Amino acid sequence: MRAWLLTAPVATSFGQAMRTEAILDLDQASRVTLRSPDRRWKLYTEPPERENGDARLFIADSGGHKRHLLCDYFRSGSVGWTRDSRAAVFIDDHSVRDSTFRMFEFNGKDMSEVDGVDERLRRRALSLVPADRKIVFYSIRIARLGRAQVFLDVTVTYLRKHGETGPTKMIERAYAYDTRTHQVSAAEFSGSYSPVAKIIRVYSRSISSPFSISSKRSASAA
């Protein structure tokens, strides 16, 4: 498990101050806690209760009360808060070949998962891929977190047609997801890569018979 910090300047009445925001990388054995920017809430993880079970992501208030299970997850991922403390985002790297974008937001005093966020992002990212090609890798990375925006780097690898140079082609794009309007817009690619994306970069040119996730693409685009 790794934790990494992003810093950016924030204007104050005394000039420029530095804001630090944390994004935590998780695995099945992680026991980590990530407090919201307003310090009222905390996300934390617990490893599987039994062998071959799933790890779990919880939310609780700052005192550790009002504990609520947000989701189970298998394998690994990364989690962070938007700066307004209204939404938590989770990249679920449930497969070495595929990631899912998940978001949880407050509805009154409770936090629940927002439907359709992965489909919106995936539809936008995969629109760049010709319809007759098979998607073999799809990786998402949290680049940074805004007040009400999540900036995501997406790496997509798909099969080329027979006769084209190389077996696969990789597309790298960045998107901003607005947590209030749920709109996806283009952003600047940060150049950060998840462990999955790094593997893709190394091996994408030598894949001869990769696994296809095109069925998930079709379902998302419907």
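Structure above, values below:
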quantity: Flag if Ile142 is out of contact with any Cys (no Cβ under 9 Å at 6 or more places or on another chain), in contact (Cβ under 8 Å) with a residue 60 or more places away in the chain, over 20 Å from Ala176 (Cβ atoms) and not basic (Lys, Arg); calculated: no
quantity: Selection status of Leu121, among the aliphatic types (A, V, I, L, M) and assigned to a loop (DSSP other than H, G, I, E, B); calculated: no
quantity: Qualifying residue in region 56-67 (condition: outside any strand (DSSP E or B), surrounded by 15 or more Cβ atoms within 10 Å (Cβ to Cβ) and at pLDDT 90 or above); calculated: no
quantity: In region 95-118, residue farthest from Asp27 (Cα to Cα) [restricted to those that are in a strand (DSSP E or B) and among the charged types (D, E, K, R)]; calculated: Asp110
quantity: Asp92, sole failed condition from (1) within 17 Å of Asp25 (Cα to Cα); (2) surrounded by fewer than 17 Cβ atoms within 10 Å (Cβ to Cβ); (3) without any contact (Cβ under 8 Å) to a residue 60 or more places away in the chain; calculated: (2)
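The values are calculated or read from the model by the stated rules, or taken from the named source; none is laboratory data. The model shown is predicted, which means the values in this text are computed figures rather than measured ones. Note that each Cβ is placed from the backbone with ideal geometry, even for glycine, and that neighbours are counted across all protein chains shown.
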